[in-house]
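Worksheet: one structure, shown below.
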Amino acid sequence: MSTHRLLQEWYFTQVGGGEGTKEGEWLRTSEFPTSVHVELLKLKRIPDPFVGLHEWDVQWVGESEWAFKSTFTVTQEELRSPNIDLVFDGLDTFAVANLNGKKILEASNQFVSHRVPVKEHLKVGANELTLHFESAFLKGRDIEKQHEKLALWNGDSSRLHVRKAQYNYGWDWGPILMTVGPWKPIYLDTYQNRITDLDVRSQVSEALDVKLTADFKLSHKGPGFASFILRSPDGSIETSASNIPTDSGNCKVSFEWAPGKLSLWYPVGYGAQPLYTVEAELADENGKILDHKTIKVAFRRARVVQDSLIDQDGLTFLFEINNVRIFCGGSNWIPADSFLTTVTPERYRQWLQLIVDGNQNMVRIWGGGIYENDVFYDICDELGLLVWQDFMFGCGQYPAYDSFLQSVEVEAEQNVKRLRHHPSIIIFAGNNEDYQIAESLGLDLDYSDEVSDFRKTNFPARYIYERTLPDIVAKYSDIHYHRASPYSGQGKPTTDKTLGDLHQWNVWHGSQEPWHNWDILAGRFVSEFGMEGYPNIRTVDYWLGGNNSERFPQSRTNNNHNKADGFERRLELYLVENFKHAFEMESYVYYTQVMQAETLASAYRLWRRNWRGKGREYTAGALVWQINDCWPVTSWAIVDYFLRPKPAYFTVARELRPFTVGMTRKEHQTFKDDRSAAQFTIETKLEIWGTNSTLAEKKATLEVSSFELDSDWRDKCAKDVVLAPNSSTELYAGQLPGQPIRTKKSEVPKVIIVSARLIDENGNVLARYSNWPEPFKFIHFPSPQDLGLKVTVSGDGESVILSANKPVKGIILDADGDDVKWSDQAIDLVPDDPQTIKAIGLNGREVKVRYLGDGTA
């Protein structure tokens, strides 16, 4: 039978010696796979680049040459095997492998694996494998000189010529850390014959019957037999086939099931995630087992629906699973660490569980990172997370010369084959924002041209996105291909809001719109949008490294831990437009976090309103930029590097619950006639809607309570409502209670807070939302002692009950010492509606409370 033997004992050195090692000094690695930074850090030969300004003290690592070596023993019995290969799952990036002094491999693409026949180079006893890594940065600069310097956003332009994780070159949320080393396993593979490719595909019809085909490709033709087993989620055999002849080197089986015979896989919130197991086995003519492969599969009908709309121009861009149209609320994913080999399966699970716990159902793997490890997709399959998978091209005018294209073809084919069996993956996108680069630079980009080769133009990568990648995806999978993110199609630019997917950066970037304008900034599917916010103060203190002289927002260290161009101007723009705020460190963290929470919640709230039922799916998804960080930093992430959720994580989770209630208030000015500018009225109009992501209508009571902040005036009303299934439902439109019609701009409107709740038939609160007048900076908040705010820790020490006599905005809870796992944050509180917050790990400690108007600004 074929055997895999991992090579796990490794040593490394800096070629020629230098700051990392002395010349000829070989240091044992602490783990494998690994990378140079990780090993040097453990040996305390470099400072922690995540602390202070030390990122800049380790730049030499990425511009040095490094070598790794391993000595392994081969037995006489192993050498008798007909085939012996060395398999390199991933080398980062330019590497030459030598076995017993003979060159066996030259690698140049981080995303490609290599299988090298090595029997002729092996000997009984000790064998030495060495890997020599050139500097990807310096090599990239050399390649760039041979070809041309091309345009990009983020990082060094040489990255466009190097098939390496592009974020290593620095991004507007990440450091410049040019990793190097064997970042995936290396093993010795002995075999007589093996299964080289197992292509298992299922087709689920509109009637939900299922067809399954499995194609085996073998390394050698010859007599023998293959077998196939499909096991149900409970382990029992669903179907099987045996004695499949292998003489041709190819085997194929197919099966069919009527609707309902197999359990279908659904996204989280819409059904279960049953995973079936495929077992494929290869035997010789005497029945001796030669190879065995096992993969998990599932059955679902996945479609990208682009249909015409009722009452609006353009087409839908929505995902339909098993005939159910899904509003996709989710996040963008960047690599979880600057040092990829440190991301354990446990960390992956923590991240992905956070996404699901935040009521999200989609994650987009962004094109400037990596095709993620298998375990990432395994967990997504298990949790029911839909995956949008970019190919690894990001924010650049990429080349398409022959050697580059050949490398990309191998990369794409390998990764499509590796990923295609995952039910979670429902779309491949060709790149991230490369068409936007072309538009911004005025490159050759005739969207109506569907026949040209494009390689001779100044946007040559269009050949990759419109020829190479779609052909490979179609040949090796049944997954939908989309040319880019964003991409409109129909001959329209990427900024078109009526087609395809949209990256909506006119909040923060671009025209820097107020976040209140999300409703008019909507697209058919908003695959990126965001707002920055500081991380947890503990994370800030980590990167300050104990240097309290830098513990203020404008310090050099804090600036180094925010990579976004113009971030101080933009943070302050949105802060000063909306808040009266303070600059003391904890306060600045608080106000940026509340701002981020308000901004993102507003987007999800307004865009879910646009999901209005079949034919009216005006916005079909929203993916926040971003869920995670690759190092401790201030960024758009809603959870920081240490897996500490920011308040925005919780406000997004509230807006993605199965049932929500939303509200807008808008002033309407009406002039007496078309001559007068002085004679007018101003009315404040309120609109309320509810959303229901379940597939059944929901009866509820809408309860609306209004409060004047400056008096004891209150108003309350209720009505029975029915929330339509899988859509939003308009519930109320009318005057803002308690707000007089104004006839002069000098008449300051009353500060009226409106709280809406949806109550089910058992009296449970399905959803709540409080609408406050904005901007918040105009509000004269009551003194803290007049609020009657009570924060009560329950007897179990892990629940906090909040209540108040007046409305309170933006409550964020904390406790000195270790982290607490809070169930909610950025909480709005109104009288007669106490809220209980779970606080795992609080252990009865005193709770610290921040809120708008708490006297700190």
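Take GLY662 and tell me if it is buried (at least 24 other Cβ atoms within 10 Å of the Cβ), within 31 Å of the chain's Cα centre (by Cα) and either in a helix (DSSP H, G or I) or not β-branched (Val, Ile, Thr) (or both).
no
For region 306-349, which positions are within 16 Å of the chain's Cα centre (by Cα), surrounded by 15 or more Cβ atoms within 10 Å (Cβ to Cβ) and part of a helix (DSSP H, G or I)?
LEU340, TYR348, ARG349
Can THR13 be described as assigned to a strand (DSSP E or B), among the polar types (S, T, N, Q) and at pLDDT 95 or above?
Yes; evaluated as a whole, the condition is true for this residue.
Yes or no: LYS672 basic (Lys, Arg) and either in the same structural domain as TRP515 (by TED's automatic domain parsing) or within 30 Å of ASP172 (Cα to Cα) (or both)?
No, not satisfied.
Being out of contact with any strand residue (DSSP E or B) (no Cβ under 7 Å at 6 or more places or on another chain), touching a residue at least 60 places away in the same chain (Cβ under 8 Å), polar (S, T, N, Q) and buried (at least 21 other Cβ atoms within 10 Å of the Cβ) narrows it down to one of THR634, THR592, so name that one.
THR634
Can you run down the residue pairs with Cβ atoms below 6 Å, 6 or more apart or on separate chains, where the first is in region 687-699 and assigned by TED's automatic domain parsing to the domain that holds ALA767 and the partner is assigned to a strand (DSSP E or B) and among the small types (Gly, Ala, Ser)?
Listed by first residue and then by second, the contacts come to GLU687/ALA733; ILE688/ALA756; TRP689/GLY662; TRP689/SER728; THR691/SER728.
Looking at (1) within 23 Å of SER135 (Cβ to Cβ); (2) part of a loop (DSSP other than H, G, I, E, B); (3) among the aliphatic types (A, V, I, L, M), can you tell me which one VAL51 breaks?
Only one criterion is unmet by VAL51, namely (1).
Return a yes/no flag: does region 591-602 have any residue that is within 30 Å of GLY690 (Cβ to Cβ), among the small types (Gly, Ala, Ser), modelled with pLDDT of 95 or more and in contact with a Pro (Cβ under 6 Å, 6 or more places away or on another chain).
There is at least one residue in region 591-602 that is within 30 Å of GLY690 (Cβ to Cβ), among the small types (Gly, Ala, Ser), modelled with pLDDT of 95 or more and in contact with a Pro (Cβ under 6 Å, 6 or more places away or on another chain).
From the set of residues in region 459-503 that are crowded, with 18+ Cβ neighbours inside 10 Å and basic (Lys, Arg), which is farthest from ARG418 (Cα to Cα)?
Selected residue: LYS497.
Restricting attention to region 770-787, does a residue exist that is in the same structural domain as LEU702 (by TED's automatic domain parsing) and part of a strand (DSSP E or B)?
Taking every residue of region 770-787 in turn, at least one turns out to be in the same structural domain as LEU702 (by TED's automatic domain parsing) and part of a strand (DSSP E or B).
Suppose the filter is farther than 28 Å from SER440 by Cβ and assigned to a loop (DSSP other than H, G, I, E, B); does GLU413 pass it?
When the stated conditions are applied, GLU413 does not pass them.
Counting only residues that are in contact (Cβ under 8 Å) with a residue 60 or more places away in the chain and under 23 Å from ASN109 (Cα atoms), how many does region 342-372 have?
8
For every residue, the table says whether it meets (1) farther than 28 Å from SER219 by Cβ; (2) in contact with a strand residue (DSSP E or B) (Cβ under 9 Å, 6 or more places away or on another chain); (3) not small (Gly, Ala, Ser).
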site	(1), (2), (3)
GLU39	yes, yes, yes
TRP60	yes, no, yes
GLU63	yes, no, yes
PHE72	no, yes, yes
PRO82	no, yes, yes
PHE94	yes, yes, yes
LYS103	no, yes, yes
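What number of residues within region 81-128 are in contact (Cβ under 8 Å) with a residue 24 or more places away in the chain and over 17 Å from THR71 (Cα atoms)?
Number satisfying all stated conditions: 20.
Yes/no matrix, rows are residues, columns are (1) of a type in the set (A, V, I, L, M); (2) over 31 Å from the mean Cα position of the chain (by Cα):
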{"residue": "SER227", "(1), (2)": "no, yes"}
{"residue": "LEU230", "(1), (2)": "yes, yes"}
{"residue": "THR239", "(1), (2)": "no, yes"}
{"residue": "SER242", "(1), (2)": "no, yes"}
{"residue": "ASN250", "(1), (2)": "no, yes"}
{"residue": "ALA258", "(1), (2)": "yes, yes"}
{"residue": "TYR266", "(1), (2)": "no, no"}
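Kindly indicate whether ASP444 is farther than 30 Å from VAL624 by Cα, assigned to a loop (DSSP other than H, G, I, E, B) and in contact with a Ser or Thr (Cβ under 8 Å, 6 or more places away or on another chain).
Yes.
At least 1 residues that are polar (S, T, N, Q) and at negative phi in each: list the strands (runs of 3 or more DSSP E) lying fully within region 704-760 that qualify.
Counting at least 1 such residues, we get 727-735, 752-759.
Residues of region 137-195 being of a type in the set (S, T, N, Q), farther than 30 Å from LYS217 by Cβ, in contact (Cβ under 8 Å) with a residue 60 or more places away in the chain and surrounded by 21 or more Cβ atoms within 10 Å (Cβ to Cβ), which ones?
GLN166, ASN168, THR179
Inspect all residues belonging to region 117-124 and state whether any of them is assigned to a strand (DSSP E or B) and surrounded by 21 or more Cβ atoms within 10 Å (Cβ to Cβ).
No, every residue in region 117-124 fails to be assigned to a strand (DSSP E or B) and surrounded by 21 or more Cβ atoms within 10 Å (Cβ to Cβ).
If GLY369 meets every condition in (1) within 19 Å of VAL356 (Cα to Cα); (2) outside any helix (DSSP H, G or I) apart from one, which number is that one?
Of (1) within 19 Å of VAL356 (Cα to Cα); (2) outside any helix (DSSP H, G or I), only one is false for GLY369: (1).
Filter region 23-77 down to residues that are more than 31 Å from the chain's Cα centre (by Cα) and free of Cβ contacts under 8 Å to residues at least 24 places away in the same chain and give me whichever is farthest from ASP189 (Cα to Cα).
LYS44
The values are calculated or read from the model by the stated rules, or taken from the named source; none is laboratory data. On a predicted model such as this, the values are computed, not experimentally measured, just so you know. In this analysis, Cβ positions are derived from the backbone assuming ideal geometry, glycine residues included, and neighbour counts consider all displayed protein chains.
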